[in-house]
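Read the structure below first, then the notes.
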Amino acid sequence: MARNVAAEANDPDSLLNYYRTLTRLRKTDAALRDGDFALVNEADTNVLAFLRKAANGTAILVALNFTPASRTVSFNLEPQGVPGRQMTTVLSSFSKAGQSSSLRGLVLPAYGAYVGKVQ
């Protein structure tokens, strides 16, 4: 399979299109663009997780698994003023946008990346 911009541009699941979507999301989502930043799950050295919260209360959780093994992580975002327990996938390296996930047991595959809107 050819790896060039022309081939990647035509593949909706390509790394190029993943980064384009991520860049577009960063530009258009108020929480990611202007929101307050808070690290969450700081004790876990394998998964980097942070919360971005916009002035209107919209909250986005980003979780990145930096290991070659699957990881299950749980989040309590109430200390950050976010009472939700569910998320809707906005962008992920392993699930489709719109899927619902729980803050109490998000499974991140090896090197998985997850961006979800907390509800």
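The values are calculated or read from the model by the stated rules, or taken from the named source; none is laboratory data. Every value quoted in this text rests on a predicted model; they were computed, and no experiment measured them. FYI the Cβ positions are ideal-geometry reconstructions off the backbone, even for glycines, and counts take in every protein chain you see.
Report yes if some residue within the range 61-71 is charged (D, E, K, R), within 23 Å of residue 110 (Cβ to Cβ) and buried (at least 17 other Cβ atoms within 10 Å of the Cβ); otherwise report no. Checked against the condition, which is being charged (D, E, K, R), within 23 Å of residue 110 (Cβ to Cβ) and buried (at least 17 other Cβ atoms within 10 Å of the Cβ), the range 61-71 yields at least one hit.
So which of 5, 115 is among the aliphatic types (A, V, I, L, M) and either within 16 Å of the chain's Cα centre (by Cα) or at pLDDT 90 or above (or both)? Of the residues listed, the single one that is among the aliphatic types (A, V, I, L, M) and either within 16 Å of the chain's Cα centre (by Cα) or at pLDDT 90 or above (or both) is 115.
In summary, residue 76 fulfils each of the numbered conditions (1) modelled with pLDDT of 90 or more; (2) touching a Leu at 6+ places or on another chain (Cβ under 7 Å); (3) not aromatic (Phe, Trp, Tyr) with the single exception of condition (2). For the range 1-51, the tally of residues that are assigned to a loop (DSSP other than H, G, I, E, B), in contact with a Phe, Trp or Tyr (Cβ under 9 Å, 6 or more places away or on another chain) and in contact (Cβ under 8 Å) with a residue 24 or more places away in the chain stands at 2. Every listed requirement among (1) farther than 30 Å from residue 6 by Cβ; (2) in contact with a Leu (Cβ under 7 Å, 6 or more places away or on another chain) is met by residue 53 save one, (2). Scanning the range 27-43 for residues that are under 18 Å from residue 97 (Cβ atoms) and surrounded by fewer than 12 Cβ atoms within 10 Å (Cβ to Cβ) yields 27, 28. Remark: pairs (first residue in the range 86-113, surrounded by 13 or more Cβ atoms within 10 Å (Cβ to Cβ); second residue at pLDDT below 95 and basic (Lys, Arg); Cβ separation under 6 Å; 6+ apart in sequence or on different chains) = 103/85.
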